[in-house]
């Protein structure tokens, strides 16, 4: 049963942690919620969620996972979407410190793994600088779960000697990934590329990767990995942007580039919930 939604917003503490600090500061746990399927949550993550005073969670964390929280826990959604943040990252950092200074047990619950494109490193640094005890609990990252849900390995002795996780979304003012250099390295070293947050920039990524990878390179795009709403397409690098547009796949999705993709079973052989409509 899903945890009931409060009938009114919960009152937040001051972001600067002003006021009398607790006699003993609390602790923050940076916890990975995994790719979405509640059964892929680690036992340790489930135990910490069930014991939390406060859970500060991403928007991609499923209601089923949040339902593991005790009825007394304060659930705070700090969802990030492109160009729309519930709270800026700096405010999230300060919020975690403020709760910990009240002597509370705080779970910062993040989709996937906290240290793989989850800004967990930034939060860890901020908490440590404030003298807050913090521990990281890993979760299964979507880039791994997406392909294995289709029965495909990211590495294979015949097809891929390594894997690179890379973001397709650059920080404002940052030039981002050097796709041309990455393509050259991936071709020479036989690497699988797993691209997070790359759907909106697929055309640009495709053009840059084609400078070093053949147009025939197999590609898969997987949306909502591990959920019943999961959908995927297989295509080639030369047709990537067109295939995404025609299939109408959107975020959250991962793009997987490399010969391992050729091992994905035909869509007709997959369970119905994994097929593109």
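The values are calculated or read from the model by the stated rules, or taken from the named source; none is laboratory data. Quantities reported herein were computed from a predicted structural model and do not represent experimental measurements. Cβ atoms come from the backbone with ideal geometry, glycine included; neighbour counts cover every protein chain shown.
Please work out if residue 119 is at pLDDT below 95, assigned by TED's automatic domain parsing to the domain that holds residue 62 and within 28 Å of residue 31 (Cβ to Cβ). Answer is yes for this residue.
Could you tell me whether any residue of the stretch 264-274 is touching a helix residue (DSSP H, G or I) at 6+ places or on another chain (Cβ under 8 Å), at pLDDT below 95, within 27 Å of residue 59 (Cβ to Cβ) and outside any loop (DSSP other than H, G, I, E, B)? Within the stretch 264-274 (the criterion being touching a helix residue (DSSP H, G or I) at 6+ places or on another chain (Cβ under 8 Å), at pLDDT below 95, within 27 Å of residue 59 (Cβ to Cβ) and outside any loop (DSSP other than H, G, I, E, B)), the answer is yes, since at least one residue qualifies. Taking the criterion of being assigned to a loop (DSSP other than H, G, I, E, B) and closer than 18 Å to residue 60 by Cα, the residues of the stretch 109-131 that qualify are 111, 113, 114, 115, 116, 117, 118, 119.
Exactly one residue among 55, 65 is out of contact with any strand residue (DSSP E or B) (no Cβ under 7 Å at 6 or more places or on another chain), surrounded by 18 or more Cβ atoms within 10 Å (Cβ to Cβ) and either farther than 22 Å from residue 196 by Cβ or modelled with pLDDT of 95 or more (or both), and that residue is 65. Within the set 213, 209, 240, the sole residue that is in the same structural domain as residue 147 (by TED's automatic domain parsing), under 18 Å from residue 154 (Cα atoms) and at pLDDT 95 or above turns out to be 213.
Scanning the stretch 116-149 for residues that are surrounded by fewer than 17 Cβ atoms within 10 Å (Cβ to Cβ) and over 29 Å from residue 221 (Cβ atoms) yields a count of 6.
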